[in-house]
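Note sheet for the following structure.
The values are calculated or read from the model by the stated rules, or taken from the named source; none is laboratory data. Only a predicted model underlies this, so the values are computations on that prediction, with no experimental measurement involved. As a convention, Cβ positions derive from the backbone with ideal geometry for all residues, glycine included, and neighbour counts pool all protein chains shown.
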Amino acid sequence: MATYYSNLIQPEQTTPTTLPAIANIASVGQHRGRLRYSRAEINFALGTDLADDEVIRWLTLKSSDRIIELHASSDADWHTVATFNIGLYLTGSNHDGAVADEDRFGSAVDFVNAVSRTDVFKEAATLTDMDRGKPIWELLGESADTATSYDLTWQASANITASAGAVNSVMEVYYVSGD
């Protein structure tokens, strides 16, 4: 009878008859990692204008962090047009870094109406459930850890005005830290 091993024990999906003397040691965050939670909130007053391509920087994650769930919510209607791309920017020296992938998680996510807490990890259809728990550098298509920080962002994909009233929005991330 064959024995199959997960990636936490054997690096390749083969059917070895015996394991090597030193079995694969799982990287930080894959095995016995501690789940962390980060929540960020922003409040926009009635009449706040966001121009097309303006960016909201929510929170900072390291390239080695592994996102499990990514939730977005908003408590009020924005405007007749209110779509955001949900992605990552390099943190930079003062949260002013360049775009890494503006819509890695969500592409033109509709916030016209209030949005109940929704997992947007794979909204853009570029990621699947099989990508949950992979390090950010891998989600961005890099071949090795970039050892840098990224800001989780919303980027307005049209001109938006908080015309229906004040709007409170929240981003929540459940992740395993890569440190």
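Hey, among the residues in segment 34-53 that are of a type in the set (S, T, N, Q) and in a strand (DSSP E or B), which one's surrounded by the fewest Cβ atoms within 10 Å (Cβ to Cβ)? Steps first, please.
The first filter runs over segment 34-53 and keeps only residues of a type in the set (S, T, N, Q), leaving 38, 43, 48.
Retained after the next criterion (residues that are in a strand (DSSP E or B)): 38, 43.
Values: Ser38: 15, Asn43: 11.
Applying the filter and picking the extreme gives Asn43.
State which residue is farthest from Gly165 (Cα to Cα) when the search covers only segment 115-129 and only residues that are of a type outside the set (Asp, Glu) and in a strand (DSSP E or B). Walk me through it before giving the result.
Of all residues in segment 115-129, those of a type outside the set (Asp, Glu) come to 115-118, 120-122, 124-128.
Checking the rest, the ones that are also in a strand (DSSP E or B) come to 115-118.
Values: Val115: 15, Ser116: 17, Arg117: 19, Thr118: 22 Å.
The selected residue is Thr118.
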Being modelled with pLDDT of 95 or more and assigned to a loop (DSSP other than H, G, I, E, B) is the filter here, so list the residues in segment 148-179 that pass it.
Thr148
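Yes/no per residue for (1) under 17 Å from the mean Cα position of the chain (by Cα); (2) aromatic (Phe, Trp, Tyr):
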position: Thr91; (1), (2): yes, no
position: Asn94; (1), (2): no, no
position: Gly106; (1), (2): yes, no
position: Val109; (1), (2): yes, no
position: Asn113; (1), (2): no, no
position: Tyr150; (1), (2): yes, yes
position: Asn159; (1), (2): no, no
position: Val167; (1), (2): no, no
position: Val170; (1), (2): yes, no
For residues that are buried (at least 18 other Cβ atoms within 10 Å of the Cβ) and either in a loop (DSSP other than H, G, I, E, B) or of a type in the set (A, V, I, L, M) (or both), tally how many sit in segment 80-114.
7
If you check Arg132, Arg117, Arg66, which single one turns out to be touching an Asp or Glu at 6+ places or on another chain (Cβ under 8 Å) and crowded, with 17+ Cβ neighbours inside 10 Å?
Arg132
Any residue in segment 137-150 that is in the same structural domain as Gly106 (by TED's automatic domain parsing) and of a type in the set (Ser, Thr, Tyr) sitting within a Cβ distance under 9 Å of a residue that is loosely packed, with under 15 Cβ neighbours inside 10 Å and in a loop (DSSP other than H, G, I, E, B)? List the pairs, counting only those 6 or more apart or interchain.
Ser149/Gly92
When every residue in segment 141-170 that is touching a strand residue (DSSP E or B) at 6+ places or on another chain (Cβ under 6 Å) and closer than 13 Å to Leu88 by Cα is compared, the one surrounded by the fewest Cβ atoms within 10 Å (Cβ to Cβ) is Ser149
Identity of the residue in segment 54-78, part of a loop (DSSP other than H, G, I, E, B) and under 20 Å from Ala100 (Cβ atoms), that ends up modelled with the lowest pLDDT
Glu54
Only one residue in Ala100, Ala82, Ala72 is closer than 23 Å to Ala166 by Cα, over 11 Å from the mean Cα position of the chain (by Cα) and not basic (Lys, Arg). Which one?
Ala82
Of the numbered conditions (1) within 21 Å of Gly33 (Cβ to Cβ); (2) touching a Gly at 6+ places or on another chain (Cβ under 6 Å), Glu102 fails exactly one; give the number of that condition.
(1)
